[in-house]
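Scroll down for the structure; my scribbles are underneath it.
The values are calculated or read from the model by the stated rules, or taken from the named source; none is laboratory data. All values derive from a computational prediction rather than experimental measurement. Cβ placement follows ideal geometry from the backbone for every residue including glycine, while neighbour counts extend to all protein chains displayed. Ligands, DNA and RNA are stripped out before the accessible areas are found, and what is left, the full protein with its side chains, is counted by its heavy atoms. Shrake-Rupley method; radii C 1.70, N 1.55, O 1.52, S 1.80 Å.
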Amino acid sequence: PVPNAEGPAPDDMAWRKEVSSDPSVPCPAGRRPYHTILTAQGSLYQQWQTKIFYYHFRKQQAAGGRCTEMTGFTRLLAGKPDELMPTIPTVAVPEAGHNVTRGFPVINRPWSMLLFIDMKEFRERIIERYVYIA
């Protein structure tokens, strides 16, 4: 816990003051890079949501500068490969069948994470210590 987390200058963000504009200087200690995993399905609506999410991820990532904590991004697609795969970093996993979802397709979110964790792509892509699952 950070006692002054709600204050104007939280202790866990002090490293940001030490970021050098010189790209040859390494990022300061205290930085906590994380990988964002966006769970999704291939519906037209979710493709639209994914495009918007990825656009804003990239925008905020760039605003964070060279030492941003927003480092990696993976769209975890439950279903068949689709046309977004060439433009958004994506791993496709089999969609859960009706016998698992029982008509509630949102259950593909935890289902796809369980499958992804056991894949070699997980170990290759997720190099950060922290993960944000959206």
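By accessible area, using a 1.4 Å probe on protein heavy atoms only, the chain has 59% of its surface on carbon and sulfur. Neighbours of residue 50 by Cβ distance under 11 Å: Lys/Arg scored +1, Asp/Glu scored -1, total +1. Taking 29 Å as the straight-line reach from the Cα of residue 51, the lysines in range (excluding those fewer than 8 positions away in the same chain) are 59, 80, 120. Relative to the longest principal axis of the Cα atoms of the chain, the long axis of helix 44-63 lies at roughly 10 degrees. Loop only per DSSP, at most 14 neighbouring Cβ atoms within 10 Å: give me the GluC sites (Glu not before Pro) in the range 76-134, ordered by residue number. Listed in order of number, the matching sites are 83. Sorting the segments 10-23, 59-72, 105-118 by their mean number of nearby beta carbons within 10 angstrom, highest to lowest, gives 105-118, 59-72, 10-23. Ordered from largest to smallest accessible area (heavy atoms of protein chains, 1.4 Å probe), the residues 37, 127 come out as 127, 37. Note that the range 42-123 presents 62 Å² accessible area per residue, ligands and nucleic acids not counted, probe 1.4 Å.
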